[in-house]
1. Would you pick out the residues in region 148-182 that are crowded, with 17+ Cβ neighbours inside 10 Å, in a helix (DSSP H, G or I) and of a type in the set (Phe, Trp, Tyr)?
2. Only one of GLU188, GLU193 is assigned to a helix (DSSP H, G or I) and closer than 29 Å to ASN115 by Cβ. Can you tell me which?
3. Give the number of residues within region 6-21 that are basic (Lys, Arg) and in a loop (DSSP other than H, G, I, E, B).
4. Among the residues of region 125-143, write down those that are assigned to a helix (DSSP H, G or I), open to solvent by less than 10 Å² (accessible area, probe 1.4 Å) and either of a type in the set (Gly, Ala, Ser) or under 17 Å from LEU212 (Cα atoms) (or both).
5. Of the residues in region 33-64, how many are within 12 Å of the chain's Cα centre (by Cα) and open to solvent by 20 Å² or more (accessible area, probe 1.4 Å)?
6. May I ask you to say which residue of SER63, SER34, SER13 is in contact (Cβ under 8 Å) with a residue 24 or more places away in the chain, in contact with a Leu (Cβ under 8 Å, 6 or more places away or on another chain) and more than 21 Å from GLU205 (Cα to Cα)?
7. With ARG36, ARG59, ARG77 as the choices, which residue is touching a Gly at 6+ places or on another chain (Cβ under 8 Å) and at pLDDT 95 or above?
8. Restricting region 22-31 to residues that are in contact (Cβ under 8 Å) with a residue 12 or more places away in the chain and assigned to a helix (DSSP H, G or I), which is surrounded by the fewest Cβ atoms within 10 Å (Cβ to Cβ)?
Amino acid sequence: MANAPTDDRRLFSPSTARNREPIHAVLEASLASSARVLELASGSGEHAVYMAERHPDWRWQPSDVDDDAIQSIEAWRRHTGLNNMLAPQRRDLLEAWVDKGQVEDSQADNIDPDNPWDAMVAINLVHISPWAVTERLMLAAQRHLVSGGVLFLYGPYRRGGEHTAPSNAQFDAWLKARDPRWGVRDLEQVVAEAADNGLTLQGVEQLPANNLAVIFRRD
């Protein structure tokens with residue numbers, strides 16, 4: 001992710017330009033026309049902009065844990081003037097907002113006024129985080145999606161215990177060198193974790209650059 005060429009706070013990710021349309025195609029086929037979408041780990045905010053521009057009836061809530069990312073998302077939101085792209089929020093899957101059911105009713109609206117969501121989206125999150133984040137992501141989807149709501153994941157995965165391409169194996173090694181808790185996950189393990197939280201695998205789509213779109217629905 002590179003800094004913007006001007007003095008604003010927008011960030012630019014080269015990979016977004018390559019994958020945003022394939023991701024959009026899967027989301028468009030999976031979501032209703034008026035979906036309320038919570039995006040986790042929104043990064044630069046460019047995916048949020050792209051989706052919100054193409055679907056004015058989608059209400060897109062970007063979020064991240066990184067301050068630079070949150071500033072970039074807000075800069076993109078102001079730059080585009082999109083009314084259906086909401087102000088970014090700081091959301092950490094390892095923090096208490098996931099456990100809304102344990103919060104007093106009087107405090108619940110302060111945590112998540114749009115709960116429940118029609119969809120939750122996590123692009124390039126599962127492999128760039130500890131496994132505990134994936135566990136909490138599934139818990140969040142169980143608790144915060146409407147019945148029949150969609151959890152959309154994008155990124156590289158192993159299938160049948162094997163990498164799907166040599167480049168993914170190299171990427172996996174690079175990730176683990178940065179943080180041993182990171183790495184390309186086994187799709188079957190992710191599906192099993194989802195099932196334990198009442199999420200059914202809806203489909204797996206092969207996307208460019210050896211990445212997968214994985215779609216779950218809340219039972």
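The values are calculated or read from the model by the stated rules, or taken from the named source; none is laboratory data. Everything numeric here is computed off the predicted structure, so don't read it as measured data. Glycine gets a Cβ as well: all are built from the backbone with ideal geometry, and neighbour counts include every protein chain shown. Side chains included, ligands, DNA and RNA excluded: accessible areas come from the protein's heavy atoms. Shrake-Rupley method; radii C 1.70, N 1.55, O 1.52, S 1.80 Å.
1. PHE171
2. None of the other options fit; the residue is GLU193.
3. 2
4. Result: THR134, ALA140, ALA141.
5. Residues in region 33-64 being within 12 Å of the chain's Cα centre (by Cα) and open to solvent by 20 Å² or more (accessible area, probe 1.4 Å): 1 in total.
6. Matching residue, one of SER63, SER34, SER13: SER63.
7. ARG77
8. Only one residue tops the list, namely GLU28.
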